[in-house]
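What follows is a single structure, written as structure tokens, with notes after it.
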Amino acid sequence: MAERFDVLVEGISEAEALSLLFAKTADVPRPSDRYFAATRLGLCSSGATLDALIRATYELKIDELFDRITRRKAIEALGRRKDAKAVSALVDVLGCTDTEAVINAISALIRIGWSPSQVEHDQLLRLLDGEDVTQSRAVIQAFGRLSIKSAASKSRIRELCDHESALVSGAARSCLSKLYGEKHLMQPLLSQLTDLVAGKRRSAVIDIGDSGDHSLLFDLVRAPVSMSLRAKSFLQVDEDGHLLKTEKYQKLFKRLLLDDPLLLDLDDEWKCTLNPEDIERNLSHRDEARQYGAAASLMQIDRRECLELIDSMQERLWSDYVTHYYLTCVIGLRALHEKSYLVRSALAETTPQYTKSRIAAAWACVELQLDDQLELLYELSNSSPWFPLRWACQQAFAQLVDQQQTSDDLALR
């Protein structure tokens, strides 16, 4: 479960979660509560809950549906706990036949910062012999993200650079780029950033983040892929924060977070007409490129029509966090002062799913000169746990203060 959806499990108490984790499915009114319980235990900090999650990796069986799903969620939760005590149990999971559990175990081991022994290294490498491309991708990412170098893994991963699956070949190229400096291997991924298949675009963005190659950030910023995913990869490349200390990359990161759809590499297939029905239909499309195409049309239609369409969608779709984000973006980018109240509402929204909207609202505060939001911007610039939101608010706060100072100076002349 994505961490922005933690709100769904916060109502489950620790004691209740412990009880549900090993309950018989037939005795639970809502069987799904069992795997929600596992996720809830990932938010805990006590030794008892950690022990319970570890037990779940070997006590829950994979032949019963809800046991299997709950076990997967328990493995995922151990990654969130980041406790080295779980490493042995997670390594044992690598030998099971449940591929999803194996992938979750690899991700958990990465989050913990696993340093495999030679025997464990060889066990991880053997997982590349399977046919599941998602598992192979996860294994390659483990070698790259944990900086595991060996002649055997380098040779095996090199063989996969031309794999028929972009998921595998992209991860392999990224791994060799990061660990061995083979930056030239990343060139094929640039065209993948605008592939018509959404999954290929997203995997290319992730692979660029894993590669550590800052020369690819200019292409990354223009990719029609979720702003938050691009931001994550950008920051992964700039792991030590060195790039963001320079004006060049500050401007590039700001451009990424402003997320102007007119500055993205949009194929004609993703664009839509200026017809309000087409715009609304594409905003709700699952492919982010089509969403950006619709946002681009919102940027281009007549101002009055844009305001009318925002009014219409606000009444019916404001609670949809995707629509909420794009409308907030457009209000700021087009400086639609009539909708300032929506910007204030978006900046104050604390539900995790709307965090991207808060970034759009921060920039909009500058365009609309909403000085009354300075206090909240300052608070978020210091307290937000998500760096992109914290950084955007810092920038917006500084710009608003500068505007105020300039205005005051002019008034005194």
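Kindly establish whether Gly212 is at positive phi, surrounded by fewer than 20 Cβ atoms within 10 Å (Cβ to Cβ) and in contact with a helix residue (DSSP H, G or I) (Cβ under 8 Å, 6 or more places away or on another chain). Judged against the criteria, Gly212 is a match. Of the helices (runs of 4 or more DSSP H) contained entirely in segment 175-223, those carrying at least 3 residues that are among the charged types (D, E, K, R) fall at 198-211. Applying a threshold of 6 Å to beta carbon distances and a minimum spacing of six or more residues, or different chains, the list of pairs starting in segment 224-249 at a residue that is on the phi < 0 side of the Ramachandran plot and ending at one that is not in a helix (DSSP H, G or I) reads Pro224/Leu264; Pro224/Leu266; Met227/Asp259; Val237/Gly212; Leu244/Asp238. Quick check on segment 271-292. Is at least one of its residues surrounded by 15 or more Cβ atoms within 10 Å (Cβ to Cβ), in contact (Cβ under 8 Å) with a residue 24 or more places away in the chain and within 22 Å of Glu367 (Cα to Cα)? Within segment 271-292, one or more residues are surrounded by 15 or more Cβ atoms within 10 Å (Cβ to Cβ), in contact (Cβ under 8 Å) with a residue 24 or more places away in the chain and within 22 Å of Glu367 (Cα to Cα).
Suppose the filter is part of a helix (DSSP H, G or I), modelled with pLDDT of 95 or more and aliphatic (A, V, I, L, M); does Leu266 pass it? Against the criterion (part of a helix (DSSP H, G or I), modelled with pLDDT of 95 or more and aliphatic (A, V, I, L, M)), Leu266 does not qualify. List the residue pairs whose Cβ atoms are under 8 Å apart, where the first residue sits in segment 179-197 and is under 12 Å from Val225 (Cβ atoms), the second is at pLDDT 95 or above and in a loop (DSSP other than H, G, I, E, B), and the two are 6 or more positions apart or on different chains. Close Cβ pairs (under 8 Å, with a partner that is at pLDDT 95 or above and in a loop (DSSP other than H, G, I, E, B)) amount to Leu193/Arg222; Leu193/Ala223; Leu193/Val225; Leu193/Asp265; Thr194/Ala223; Thr194/Pro224; Thr194/Asp265; Thr194/Asp267.
Among the numbered conditions (1) touching a helix residue (DSSP H, G or I) at 6+ places or on another chain (Cβ under 7 Å); (2) in a helix (DSSP H, G or I), tell me where Glu379 comes up short. Unmet condition: (1). What about Ile62, is it surrounded by fewer than 17 Cβ atoms within 10 Å (Cβ to Cβ) and within 18 Å of Ala101 (Cβ to Cβ)? Judged against the criteria, Ile62 is a match. The number of residues in segment 115-145 that are in a loop (DSSP other than H, G, I, E, B), modelled with pLDDT of 95 or more and surrounded by fewer than 18 Cβ atoms within 10 Å (Cβ to Cβ) comes to 3. Among residues of segment 345-359 being within 16 Å of Leu370 (Cα to Cα) and surrounded by fewer than 18 Cβ atoms within 10 Å (Cβ to Cβ), the one that is nearest to the chain's Cα centre (by Cα) is Ala348.
The set of residues in segment 163-191 that are under 21 Å from the mean Cα position of the chain (by Cα) and among the hydroxyl-bearing types (Ser, Thr, Tyr) contains only Ser174. When only residues in segment 309-326 that are touching a helix residue (DSSP H, G or I) at 6+ places or on another chain (Cβ under 8 Å) and farther than 24 Å from Val205 by Cβ count, which is surrounded by the fewest Cβ atoms within 10 Å (Cβ to Cβ)? Only one residue fits best here, namely Ser312.
State yes or no: is Asp268 more than 24 Å from Ala362 (Cα to Cα) and touching a Ser or Thr at 6+ places or on another chain (Cβ under 7 Å)?
Here the answer is no, as Asp268 does not meet what is asked.
Against the test of being surrounded by fewer than 15 Cβ atoms within 10 Å (Cβ to Cβ) and more than 19 Å from Ala138 (Cα to Cα), the options Asp33, Asp27, Asp67 yield a single qualifying residue, Asp27.
The values are calculated or read from the model by the stated rules, or taken from the named source; none is laboratory data. Predicted model, so just to flag it, every value in this text is computed and none were measured. Here the Cβ is made from the backbone with ideal geometry for all residues, glycine too, and neighbour counts use every protein chain on show.
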